[in-house]
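Read through the structure below, which is laid out as structure tokens, and then see the notes.
The values are calculated or read from the model by the stated rules, or taken from the named source; none is laboratory data. Given the structure is predicted, the values throughout are model-derived calculations rather than measurements. With ideal geometry, Cβ positions are generated from the backbone for all residues, glycine too; neighbour counts draw on all protein chains shown. Accessible surface is based on the protein model in full, side chains and every heavy atom, while ligands, DNA and RNA are left aside. Shrake-Rupley method; radii C 1.70, N 1.55, O 1.52, S 1.80 Å.
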Amino acid sequence: MIIKKLRLQNFGVYAGSHEIDLLPASREKPIVLFGGLNGGGKTTLLDAIQLTLFGKLSRCSTRGSLAYEEFLRRCVSHGAAPGSRSSVALEIRQPFDAQTHEFVITRSWMPAEKGVNETL
């Protein structure tokens, strides 16, 4: 599986919409590196990938012993308008049956009176 793009909407320190291209520059340089100051959002990017793929089973850095719905509530960016939808999405390329297929996996949620309304 090749992760092509990561899309974030009101997730953690990333208020608003963000799209991050994760394709390596070339076959000769097949690594994508992230650098930044503490608190800059590097771990949040890894958490977004985990959450997109595994949902309740994800091992996100800030979840600890929080219930899944409470964790999702806390993942909403502080800069988001009240009642805004948050989401994490991955655009991936996956070989299957001698062909390469592209998929977009999107997990989104919005806090509700009782719990969280989540879609996949």
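Annotations for the structure displayed:
- Measuring between their Cα centroids, the stretch 8-65 and the stretch 100-119 lie 16 Å from each other.
- Residue-by-residue Karplus 3J(HN,Hα) for the stretch 91-106, coefficients 6.51, -1.76, 1.60, Hz, glycine and proline x: 9, 10, 10, 9, x, 7, 6, 6, 9, 9, 10, 10, 10, 10, 10, 10
- Dipole magnitude (debye, nearest 20) for the chain, charges at Cβ of Lys, Arg, Asp, Glu: 200
- Solvent-accessible surface of the stretch 30-120, averaged per residue with a 1.4 angstrom probe and all protein chains in place: 66 square angstrom.
- Selection from GLN94, GLY64, CYS75 lying farthest towards where the dipole of the stretch 38-120 points positive, charges on Cβ: GLY64
- Pair THR62, ILE49: separation of 7 Å Cα→Cβ label points (nm): 1.9
- Relative contact order (percent, whole number), the chain, Cα cutoff 8 Å, 6+ residue spacing: 31
- Packing, taken as the mean count of other beta carbons within 10 Å per residue, orders the peptides 26-39, 79-92, 106-119 from highest to lowest as 79-92, 106-119, 26-39.
- Neighbours of MET110, meaning other residues whose beta-carbon lies under 15 angstrom from its beta-carbon, give a summed charge of +1 when Lys and Arg score +1 and Asp and Glu score -1.
- Each of GLY115, GLY36, SER26 was scored by the projection of its Cα onto the charge dipole of the chain, and the greatest displacement toward the positive side belongs to GLY36; charges sit on the C-beta of Lys, Arg, Asp and Glu.
- The length gained on full extension between ALA80 and HIS101, counted as 0.36 nm times the residue separation minus their Cα-Cα distance, comes to 4.2 nm.
- Cβ-based net charge around LEU120, under 12 Å, with every Lys or Arg adding one and every Asp or Glu removing one: +1
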